[in-house]
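The values are calculated or read from the model by the stated rules, or taken from the named source; none is laboratory data. Because the structure is a prediction, the values reported are computed rather than measured. All Cβ positions, even for glycine, are placed from backbone atoms using ideal geometry, and neighbour counts span all protein chains on display.
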């Protein structure tokens with residue numbers, strides 16, 4: 001290599017800086033959305049609970065024989081005509097008994113009180129599972145969507161790796177340095193670095209395990225064909241024998257797994273399978289006991305205990321956080337928020353830097369980038385909040401509730417992105433940031449009011465914990481959004497005298 | 001920092017090589033391991049998922065392309081060495 | 001309160017103290033504040049930032065196993081945010097020259 005060539009090659013830090021900026025920006029536009037919905041998915045069961053305000057109080061534990069008989073009757077009724085049926089057992093997070101089945105690609109449930117066995121009529125809702133599905137498929141299908149999310153997660157790993165290299169010198173000295181009063185872009189950089197560096201183990205873990213969970217789609221040559229447990233009767237062609245009484249099966253399984261460690265029951269033409277709950281330990285082991293469907297006799301315990309299987313279960317469980325008790329779940333939630341902050345501040349800094357260095361100040365790509373950044377950073381949380389609002393505003397007995405709730409996310413997200421692009425093309429993108437952050441704070445801060453107003457008739461005798469937690473979190477996030485809008489408004493007012501007030505000029509001032 | 005003639009081709013080369021590198025690990029590692037297929041596939045996935053971003057970073061991070069390719073091969077070998085003990089011990 | 005929750009809270013406290021010590025040992029932090037630690041204080045802070053998390057890790061493993069280790073790592077992140085936000089809120093940056101007698105030995 002000649003000396004001239006060596007000089008023309010940018011330094012390692014510059015190369016990594018370019019990689020960090022461009023891969024981070026392009027992947028970050030969608031990773032922001034994945035982080036928002038993933039953070040919500042940490043409390044997916046609780047969000048579903050919030051979205052079904054009729055849910056009565058119930059004590060978790062092994063359901064009564066009467067409740068199990070009624071659930072078994074519902075299972076029998078659905079068998080033969082539906083694809084998959086399983087019976088979710090009560091847990092601390094969800095105290096009801098659910099017979100869940102697939103109806104034209106939509107999960108539907110019949111709900112039973114675990115003690116009395118009475119049917120609990122709950123409104124149909126997209127629930128927390130909707131955010132969970134979006135988180136790992138972007139609603140683009142379980143093959144293409146998952147692979148796209150995996151590619152983005154690999155982009156995140158590249159961004160994290162390059163970020164560590166470019167910040168290596170200042171990594172430890174500036175570990176907890178946050179200087180919000182300094183001149184811009186220092187506060188943005190500090191927020192970005194704090195969110196990324198302090199939560200670096202979480203970020204690496206979540207991106208890596210996220211790809212690994214569905215690695216058989218990313219590397220299809222490692223996919224294993226699953227045995228068809230249902231046999232020939234899977235699509236209803238086989239006449240399944242009547243179910244044995246479920247209460248003795250559960251009592252037997254409880255002796256092996258523990259009474260509070262029973263997850264769900266699966267049914268096949270020959271067996272009834274009781275699966276261990278995912279909250280037993282970090283690894284999602286899916287240990288299960290098979291029982292003969294005709295006699296109810298125990299066939300055996302199936303457990304994968306090889307070191308590799310345990311590692312796989314451990315890494316999957318670490319990502320899913322199903323093992324986590326409430327305090328740890330909050331840590332996951334806060335770490336998810338940090339991921340959002342990291343990407344949001346990263347996108348903003350990218351735009352600031354491009355604005356400063358661009359030869360043409362108002363080029364079309366720049367305006368599109370500014371519009372898309374706003375449409376995802378604030379548009380996605382707004383759209384998610386919109387789903388919660390729609391859930392409570394729609395009539396409870398509307399037949400197409402699930403579809404309308406789900407569509408709300410995409411319609412709102414699209415509308416907000418169009419709004420953001422409009423503001424960017426009109427060179428008033430900062431106004432767009434202020435408008436969307438103000439709207440977000442309004443919707444979040446008023447969510448408790450909406451909750452109380454639409455839950456009033458069931459409120460007596462309900463356990464308020466979940467509702468209070470969702471409402472309080474909403475208010476806290478709303479106040480943060482309000483603070484953001486106030487800060488942005490103040491800075492915009494200070495720079496209105498500047499000609500051609502652009503995003504960077506407004507935000508840098 | 002604009003799109004220079006250096007960065008974009010290098011990123012394209014790195015991206016085009018990264019996935020095949022992972023695929024090679026995912027394909028050949030299971031053949032080296034004497035363990036049940038699901039387990040060997042998992043160990044291969046553990047290595048392959050690390051290899052993809054590591055290859056991009058390595059090829060992009062080195063000054064010369066040849067050096068990058070050699071370093072990427074070293075990274076793949078190192079990854080396999082790290083991934084194998086994971087299968088042997090695992091969290092107990 | 002479960003053992004895991006207890007270790008989480010305990011680790012949060014330990015990490016917060018350790019990271020607060022770490023922040024105060026940085027010359028950048030000291031340039032912006034009027035409080036300068038003495039040499040013995042610096043030495044105890046240096047010991048604290050290493051020993052406190054190590055103690056937390058050992059206790060986490062003993063009391064809560066692998067879940068405890070996950071909690072230990074998570075506490076570090078949250079503890080760091082608490083220290084950063086508290087520092088930013090308590091003492092806004094001040095442009096002040098560093099006291100000549102309080103230079104950190106490691107930074108020459």
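Restricting attention to the stretch A:460-472, and to residues there that are surrounded by 18 or more Cβ atoms within 10 Å (Cβ to Cβ) and in contact (Cβ under 8 Å) with a residue 40 or more places away in the chain, which single residue is nearest to residue A:94 (Cα to Cα)? Break it down stepwise before answering.
Kept after step one, since they are surrounded by 18 or more Cβ atoms within 10 Å (Cβ to Cβ), are these residues of the stretch A:460-472: A:466-467, A:470-471.
Going one step further and asking which of them are in contact (Cβ under 8 Å) with a residue 40 or more places away in the chain, we end up with A:466-467, A:470.
Working: A:466: 11, A:467: 13, A:470: 15 Å.
Going through the qualifying residues, I end up with A:466.
For residue A:280, the test of being in contact (Cβ under 8 Å) with a residue 12 or more places away in the chain, over 20 Å from residue A:71 (Cβ atoms) and touching a helix residue (DSSP H, G or I) at 6+ places or on another chain (Cβ under 7 Å) is passed.
Within the stretch A:55-102, track down each residue that is at pLDDT below 80 and out of contact with any helix residue (DSSP H, G or I) (no Cβ under 9 Å at 6 or more places or on another chain).
Going through the stretch A:55-102, the residues at pLDDT below 80 turn out to be A:60-61, A:80-84, A:102.
Matches in the stretch A:55-102: A:81, A:82, A:102.
Selection of the stretch B:1-46 for residues being outside any helix (DSSP H, G or I) and over 21 Å from residue A:225 (Cβ atoms) yields B:1, B:2, B:3, B:4, B:5, B:6, B:34. Considering only the stretch A:195-213, state which residues are free of Cβ contacts under 8 Å to residues at least 60 places away in the same chain and facing chain C (nearest Cβ under 10 Å). Within the stretch A:195-213, A:197, A:200, A:201 qualify.
Of the helices (runs of 4 or more DSSP H) contained entirely in the stretch A:398-481, those carrying at least 2 residues that are within 22 Å of residue A:326 (Cβ to Cβ) and out of contact with any strand residue (DSSP E or B) (no Cβ under 7 Å at 6 or more places or on another chain) fall at A:447-455. Scanning the stretch A:362-393 for residues that are outside any helix (DSSP H, G or I) and in contact (Cβ under 8 Å) with a residue 24 or more places away in the chain, which turns out farthest from residue A:54 (Cα to Cα)? If we take residues in the stretch A:362-393 being outside any helix (DSSP H, G or I) and in contact (Cβ under 8 Å) with a residue 24 or more places away in the chain, then A:362 is farthest from residue A:54 (Cα to Cα). Residues of the stretch C:40-83 that are closer than 14 Å to residue C:16 by Cβ, in contact (Cβ under 8 Å) with a residue 24 or more places away in the chain and within 11 Å of chain A (Cβ to nearest Cβ): C:49, C:72, C:74, C:75, C:76, C:78, C:79, C:80, C:82, C:83. Against the conditions (1) in contact with a helix residue (DSSP H, G or I) (Cβ under 7 Å, 6 or more places away or on another chain); (2) at pLDDT 85 or above; (3) surrounded by fewer than 17 Cβ atoms within 10 Å (Cβ to Cβ), residue C:9 satisfies every one except (1).
So is residue A:65 crowded, with 18+ Cβ neighbours inside 10 Å and in contact (Cβ under 8 Å) with a residue 12 or more places away in the chain or not? Spelling it out, it is not the case that residue A:65 is crowded, with 18+ Cβ neighbours inside 10 Å and in contact (Cβ under 8 Å) with a residue 12 or more places away in the chain.
Quick one: which residue in A:158, A:149 is in contact (Cβ under 8 Å) with a residue 40 or more places away in the chain, closer than 28 Å to residue A:389 by Cβ, within 14 Å of chain B (Cβ to nearest Cβ) and crowded, with 21+ Cβ neighbours inside 10 Å? Step by step, each of A:158, A:149 is checked, and only A:149 is in contact (Cβ under 8 Å) with a residue 40 or more places away in the chain, closer than 28 Å to residue A:389 by Cβ, within 14 Å of chain B (Cβ to nearest Cβ) and crowded, with 21+ Cβ neighbours inside 10 Å.
Here the stretch B:12-38 is the region considered, the condition is being within 8 Å of chain A (Cβ to nearest Cβ) and modelled with pLDDT under 90, and the residue that is surrounded by the fewest Cβ atoms within 10 Å (Cβ to Cβ) is B:37.
Could you say which residue among A:171, A:175 is free of Cβ contacts under 8 Å to residues at least 60 places away in the same chain, touching a helix residue (DSSP H, G or I) at 6+ places or on another chain (Cβ under 9 Å), surrounded by fewer than 21 Cβ atoms within 10 Å (Cβ to Cβ) and within 11 Å of another protein chain (Cβ to nearest Cβ)? It would help to see each step written out before you state the result.
On the way: A:171 fails: within 11 Å of another protein chain (Cβ to nearest Cβ).
Just a single option satisfies the conditions, and that option is A:175.
Restricting the stretch A:182-194 to residues that are in a loop (DSSP other than H, G, I, E, B) and more than 9 Å from chain C (Cβ to nearest Cβ) leaves a set whose member that is surrounded by the fewest Cβ atoms within 10 Å (Cβ to Cβ) is A:183.
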